[in-house]
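These notes concern the structure reproduced below.
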Amino acid sequence: MKKLIYIIMAALIVSCSNDSDSSSLAEGPSSDGQGGSMARFALKGDYLYTVDEFDLNVFNIQDATDPVKVNSQNIGFAIETLFSYKDYLYVGSRNGMFVYSVDNPEFPEQLSAVQHFTACDPVVANDTHAFVTLQNSSGCGGTVNQLEVYDITDTTNPVLINTRSLSEPKGLGLYGNYLFVCDDEIKVFDITDPSASVLVASINKNAFDVIIQNDLLIAIGENGLYQYALNPNDVSDISALSVINI
């Protein structure tokens, strides 16, 4: 079911990106594909990156009708998520976060790795910080439910600067100086100071991931997709637009 939801979500994102507003607060270069924090693939230029339980795989998709696998690198085990930002890939596993450079797109280079408590581990990042949620739900094998914030100014040496206890956090997304986190509801944190996040708004919706494209928020739940309009001048002004039930 989650795979089907992500396919529909991707189609919506492509459609919305055609009408993008350059004043958007959303993070990430517009020329690349945009997935959620719990995705296992990332599109960057002529390359598709995927993760399985053990490996980071690289496909050349310059000819979309004939993708070619050009590389596979072992990361470890229990690999779960893949998030791209600029020239970096952030890989989440049940035991830690890995940062890769794709300056050489066919041969990603591991820059750093950080270990944490065993838990499910989605990751998002911007220029200076990476945000990780850890949860102990069934299948994750952990004992903690929290948000972790890393200073990644030096991508070769991420530094944990803050942790925040949550109920059962899952996917998350960045919107300028705000972080949306799927928890017992979708919580919105002001991260102007990443070492001291402040809860400023919430959406009464149970979702497992979010994608933010310009001023559009798509929340992904077990039963469908929920679209919201965001107000860049007032993050608490969130308007429901539509529901796609699955």
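The values are calculated or read from the model by the stated rules, or taken from the named source; none is laboratory data. The model shown is predicted, which means the values in this text are computed figures rather than measured ones. Heads up, the Cβs are rebuilt from the backbone with ideal geometry, glycines too, and the neighbour counts pull from every protein chain shown. Note: accessible area is taken over every heavy atom of the protein model, side chains too, but ligands, DNA and RNA are not part of it. Shrake-Rupley method; radii C 1.70, N 1.55, O 1.52, S 1.80 Å.
Applying 0.36 nm per residue to the separation of ASP193 and VAL144 and subtracting their alpha-carbon distance, the gain on full extension is 15.3 nm.
Across the range 187-246, the mean sequence separation of Cα contacts (distance under 8 Å, 6 or more residues apart), normalised by length, yields a relative contact order of 22 percent.
Each Cα pair under 8 Å and six or more residues apart adds its separation to the average, and for the range 127-225 the resulting relative contact order is 18 percent.
Computed on protein heavy atoms with a 1.4 Å probe, the accessible areas place PHE107, PHE189, PHE59 in the order PHE107, PHE59, PHE189, largest first. Per residue, the convex hull spanned by the Cα atoms of the range 60-172 measures out at 114 cubic angstrom. Among the protein heavy atoms, those of CYS182 account for about 0 Å² of accessible surface (1.4 Å probe, every chain in place). Label sites at SER72 and ASP46, each approximated as a point 7 angstrom past Cα along Cα to Cβ, lie 2.3 nm apart. Rolling a 1.4 angstrom probe over the protein heavy atoms with all chains in place gives the range 97-246 an accessible area of 40 Å² per residue. Of the solvent-accessible surface of the range 144-207, computed with a 1.4 Å probe over protein heavy atoms with every protein chain present, carbon and sulfur atoms account for 40 percent.
Taking every protein chain into account, the 1.4 Å probe leaves LEU56 with about 0 Å² of accessible area, to the nearest ten.
In a fully extended conformation the segment linking SER165 and ALA229 would gain 20.3 nm over its present Cα-Cα distance, using 0.36 nm per residue.
Ranking MET97, MET38 from most to least accessible surface, computed with a 1.4 Å probe over the protein chains only, gives MET38, MET97.
Each peptide in 213-222, 235-244, 158-167 receives the mean, over its residues, of other Cβ atoms within 10 Å, and ordering these scores from highest gives 213-222, 158-167, 235-244. Using a probe radius of 1.4 angstrom, the carbon and sulfur fraction of the accessible surface of the range 42-85 is 53%.
Here the gap between LYS86 and SER236, fully extended at 0.36 nm per residue and compared with their Cα-Cα distance, gives a gain of 51.2 nm.
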